[in-house]
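Q: One structure follows; several queries about it will come next.
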Amino acid sequence: MYERYHIETSPVKLPTTQIGKFEIIRNDQCLNCGRCSTLCIYDVHKRDPNDPRKMSEPVSYLCKNCFSCIQNCPQQALEMVPNKEYESLGNTYWTPHIIHTIWNEAEEGKIPVYGAGYRGPFRGAGFDNIWTDMSEIIRPTRDGIHGREYIATAVDLGRKLPWIPDYEKINLPNSYEIQIPMLLDTDPLKLKLKNITLAILKAAYELGTFVLLDIENYSDELKPYLKSIALRCPIGKITDIDSSPWKEVPVVELILPKRFHVSELESILEKIKTYHPTALISLGLVDYSLPEELLKQFRHGRVDILHYYADNQGQSFEGNSFIYQSIRKFQLNFVKQHMRNEITIIGKGGIAAAEHVPKLIICGADAVELDLSLLVAMGCRACKTCKVEYCPAAIGELDPDTAKQRIINLICAWRDQLLEILSAMGIRDVRRLRGEVGRAMFYEEIEKESFDFIFNDGEPLK
Amino acid sequence: MKMIIDSSLEVKLYTKEPVELPGVIKKRFSRAQSIYQPESTHDLQWMYSYAQKNKLSVVPRGAATSNMGSIIPLRKSMIADLTHLKRILDFDKKDKTIIFEAGLRWWELKHFLKKYSHDLYTYPTSLFSTVGGWLSTGGYGINSFKYGHISNFIDSIEVVTPDKTSIIGRSDRKFKYFIGTEGQMGIINRVKLKVRESKLSKSFLIYFKMTSQAVEFLSDILKSLKPPPVHISYFDRHRLEHKNLLLNGKVSFPQSEGVLMTFESSSSKNELLKLVERKKGIVAEDYLSSFLWNERYFPFSVKKFYPSILGCEAILPLEKLDHYITMTRKFGDSHDIPLSTEATLINEKEAVVFTIFPSDSENIIYILHLFLTYSLNNIAMRCGGKPYGIGIWNLPLLKKRFSDKKLKEYRQFKKEQDPLNLINPAKSFSKNYEIKYLLRCAYAMSTLFSNGISLLKPFSKILSPDLSTIKKGISETESCANCGACTLVCPSHLMNSNEIVTAKGKLFILKQLLENNPLPKSIAQKAFQCLHCHLCEYVCQSKLTLTPVWEKLESLLEKKFGRPEDKIERFIKQVESHPAYTQLFDSFGICSNNKNKDLQNV
């Protein structure tokens, strides 16, 4: 029977994420008239359940800053002040705003609302250098979010043949379809927490996507979910390749060390192919320059997926490049080699908001891997130094099912936002968005076009 | 809606006044049966026919702020609570007239006009009294010096008598019979009032060492200052001392007599300062004069510090003011009673004087104190004064107010208007020998005190009130002045139209509870219909701290009667969906935002 892909959300509250951007303060001028409670649609103001004649304290963290209570209070008894605790969240990349947004999305599974409007800035570092362009002139908009037109968010992992050389012996390469262009990392901060691993894996299983699981975190407890696991292992540590998890997982990912010998890699690839011929093989890279000997592996069809790793803030580990710039380089490289369809590109690192997913796809990724954002969904505050025993969100003690539902909520909210963008662009399949740089403007390019000839005599600016 | 309240407790509440008559008199003579709240002319007519059928009389009542027992029925009566006749019917900006129902409160009227940047000419200090009520009892107040009696600004009134409803213009022969006659001739239903555009005003308070200096200064001002002030009040040193209780201690009024003047133009300022210098006066700081000007709305604000306040109010010739104050001081000193006096000039020759002293209604001495008010009245009469209001208490002074000929004329008119003697019977214009003679006796006895008969001297010190209570602080139940300000702003009163749910009523309930008087559950539980909005606290004329009292009252009631959760819930739902409720808070919001501007008008 035909069934549309659908994510089931349900609100999950966490006591540790109830930190609002502003604090609403009710002073003793309040007359308990209840006007704020009739006006507030976010349940910030309510009458005291024990004594409905009085107002209870405002639940500040639910406030979306619409100012309606403050403007309409007949006594001007309400005021809004910045919340110090909010301002101390996160770091320069994982800003309080980003963390707060993820918390909201994970709690409700809905697209968050900001009442007081966006006051800029209109560009910034990282992904904020990209503006997506939804001009309807190119294509009429689609109705995705309300489901009257179906927009596909599924992507394929694996190679596609550029052409069919021989119709007599069609030997299609193996590939997997995942329902959302997002893979999940089971242990983004290498905390080795069993409850977190289990929660993320269960979420991925329900969502119809894959997780990346480090081999040392594997235990028999995870066996029921094997079909959703991409097993990740540094190249030197591969043992028992003919035994249980290796033989059953759909994807195997090899992490290359800084220095490696191609022959070593080739022998391992051979070994995996013999023991587990249907597995997709992914190469995890931290370097955005692609040496010729590696490119050869892709060309010969030995490797299916290129998995690029940036750090939590989207910066490359080697050299100075932001994740979307690195991905653009890979994309261009493969396009030039006429082999873009024979490789799947996945980017990881610094994906902190819903709009980062389509932005990275526009730059050439087929899918992205979510890491720290998943922990944030569970209450993580992206502290500068992470110590599990002092975790303000007590992440180690989180119930896996609660955590799982929050991840599902987050992904649903992000997928809905992806649908919004796709429908505004008039695109009905996220696969069509890959590499569509025409649907985005890059600040550095615009700056160059506009000012180069003035300031630099036609020479590129440094 | 024809709302009738007839439980004895609530009726008792509705006949409460700021200054209570002696319990003996109230118990012996008060014949209130029920409360009726008319909302239209038709209701008033229905009320008359109902009263006639049931052999009742009708006693009109505004906000019950006039004292003197004017609303105490002396025959079996229903009390007409006229505060629900409060619609504003028409405002003509061009003509500068406004037509409204007479149960409207001055506070509401002033607010309404403010929206159109208009203001009143003369208005009472008790802004929470009704327009009709003030027309029937007082009439002299703020700005009276320049503009005189309120009746100067009445264009016409509509009066409902048992057999007809008629409109009477100011020039009409009959007009005077309805002003200041306590509703004995008919109930004023509608009023057409002249108003003016609002003007900025500025107040000056001038201190003098001696009363004589202040009075001399006043007469100089009357002679030479052009343009004259709109309002002039005199505060004696004890009155200013009283007001110090309300200040935070860092600033205070000095030990001197004060003259407060308010001007609506700045042109006479230099002349005034010259005059002050010549008379050796000192101009007070701006904030103190503004504070005192603002205090005009709170004549009973010191009530907070004493269990009760008693006093007398009379119209006095200005030239006798100095003499009156010397006499009262002497009288006060000899009986060890701290008297304080305030006088408001109503024209160039007369002033309304208002002399008060603290007392304790719980103490047996209170009755004797009540007779002291007669003594004070007697002093005022000997200085050539006449009583300001009559009610029941001042019945012995009736002849000072009305000459025999006039009295006859008024009585004749009353007979024409109300042949069955239905409206407010047995008061000044009807015959009622019993109470009249009783009070006359009391008055005659009291005059002995004021005449300084030496025989009484040894006993006089007994009368001195025990002022140690100031330090102890007195309970809110005792300090409520029953002024009814809270009834206007109470959202619960808006729903229930019953004063038992307002601050006034709840303090009454608390008092019954503390004194172990019988209290039916149905009435007691009405106290829970409260939003804890503290609006009553904002407008309280005695400036009481009421919120903690409600907590206490509710916990006491909960112990005794339980908490009516379902009723509370229904109340909240009802109140929140009521359109007048939104209006109430909006109008109050405007008030609180511009609180300073509104009250100081600087």
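Every number here is computed from the coordinates shown, using simple stated rules; none is lab data. Computed from a prediction, not measured in an experiment: that's the story for all the values here. When we count neighbours, we look across all protein chains shown, and the Cβ atoms used for this are built from the backbone with ideal geometry, even at glycine.
Q: Evaluate peptide A:52-59: per residue, the Cβ atoms of other protein chains within 10 Å of its Cβ; return the mean as an integer.
A: 3
Q: Now for a separate question. Please express the shape of segment A:332-405 as an equivalent ellipsoid: the semi-axes are the square roots of 5 times the eigenvalues of the C-alpha gyration tensor, given largest first in whole angstrom.
A: Ellipsoid half-lengths, sorted descending, are 34, 12, 10 Å.
Q: With the Cα gyration tensor of the protein assembly as shown in hand, give its eigenvalues times 5 under a square root as the equivalent ellipsoid semi-axes, listed largest first in whole angstrom.
A: 87, 30, 27
Q: Ok, one more. Explain nothing, just the number: relative contact order of chain B, from Cα pairs under 8 Å at least 6 residues apart, as a whole percent.
A: In percent, rounded to a whole number, it is 14.
Q: Dividing the Cα radius of gyration by the Kirkwood radius, what Rg/Rh value follows for segment A:284-401?
A: For segment A:284-401, the value is 1.06.
Q: A follow-up question, please. Over chain A, what is the mean sequence separation of C-alpha contacts under 8 Å (at least six apart), divided by residue count, expressed as relative contact order in percent?
A: With pairs under 8 Å counted, the relative contact order is 21 percent.
Q: Hey, can you rank B:537-550, A:75-88 by average C-beta count inside 10 Å, highest first?
A: The peptides rank, most packed first, as B:537-550, A:75-88.
Q: Continuing with the same structure: Can you check what the net charge comes to around A:ASP128, using other residues whose Cβ is under 11 Å from the Cβ of A:ASP128 (Lys, Arg +1; Asp, Glu -1)?
A: It works out to a net charge of +1.
Q: Work out the FRET efficiency for B:LYS115 and B:GLU362 from their Cβ-Cβ distance, taking R0 = 56 Å, and round it to the nearest 0.05.
A: The pair B:LYS115/B:GLU362 has a calculated efficiency of 0.80.
Q: Based on Cα positions only, what radius of gyration and what Dmax would you give for segment A:236-323, in angstroms?
A: Here Rg and the maximum Cα pair distance are 13.8, 40 Å.
Q: Still on this model: Rounded, prolate or oblate: which one fits chain B, using the alpha carbon gyration tensor with axes a ≥ b ≥ c (rounded when a/c is under 1.5, else prolate when a/b beats b/c, else oblate)?
A: Rounded, since a/c falls under 1.5.
Q: Using Cα pairs under 8 angstrom and six or more residues apart, how large is the relative contact order of segment A:288-414, in percent?
A: Averaging sequence separation for qualifying contacts and normalising by length gives 21 percent for segment A:288-414.
Q: Once you place label points 7 Å from the Cα toward the Cβ at A:GLN337 and A:LYS227, how far apart are they in nm?
A: In this crude label model, A:GLN337 to A:LYS227 measures out at 3.3 nm.
Q: Using only alpha carbon positions, build the gyration tensor of segment B:1-145, then give the equivalent ellipsoid semi-axes as the square roots of 5 times its eigenvalues, largest first, whole angstrom.
A: Output for segment B:1-145: semi-axes of 30, 19, 11 Å.
Q: How far apart, in nanometres, would the label points at B:SER49 and B:LYS559 be if each is projected 7 angstrom from Cα along the Cα-to-Cβ direction?
A: Reported label-point gap for B:SER49 and B:LYS559 is 5.2 nm.
Q: Can you tell me the Rg and Dmax of segment B:165-238, counting just the alpha carbons, in angstroms?
A: 19.5, 55
Q: Work through the residues other than B:GLY281 whose Cβ is under 13 Å from its Cβ and net out their charges, Lys, Arg +1 and Asp, Glu -1.
A: Here the count lands on +1.
Q: Once both labels are modelled 7 Å past Cα along the beta-carbon direction, what's the A:ILE241-A:ILE446 spacing in nm?
A: Output for this residue pair reads 4.9 nm.
Q: By per-residue mean of other Cβ atoms within 10 Å, what is the highest-first order of B:217-225, A:303-311?
A: A:303-311, B:217-225
Q: Okay, next question. What does the charge count near B:SER577 come to, summing +1 for each Lys or Arg and -1 for each Asp or Glu among other residues with Cβ under 15 Å from its Cβ?
A: Spelling it out: positives minus negatives among the neighbours equals +2.
Q: Per residue of A:30-39, what is the mean number of Cβ atoms on other protein chains within 10 angstrom of that residue's Cβ?
A: Shielding by partners across A:30-39 averages 5.
Q: A further question follows. Classify chain A: rounded, prolate or oblate, from the alpha-carbon gyration tensor (a ≥ b ≥ c, eigenvalue square roots; a/c under 1.5 rounded; otherwise prolate if a/b is larger than b/c)?
A: Prolate.
Q: Calculate for chain B the 222 nm mean residue ellipticity that helices alone would give, adding -39,500 (n - 2.57) per DSSP H run of length 4 or more and normalising by residue count, nearest 500 deg cm²/dmol.
A: Taken over chain B, the calculation gives -12000 deg cm²/dmol.
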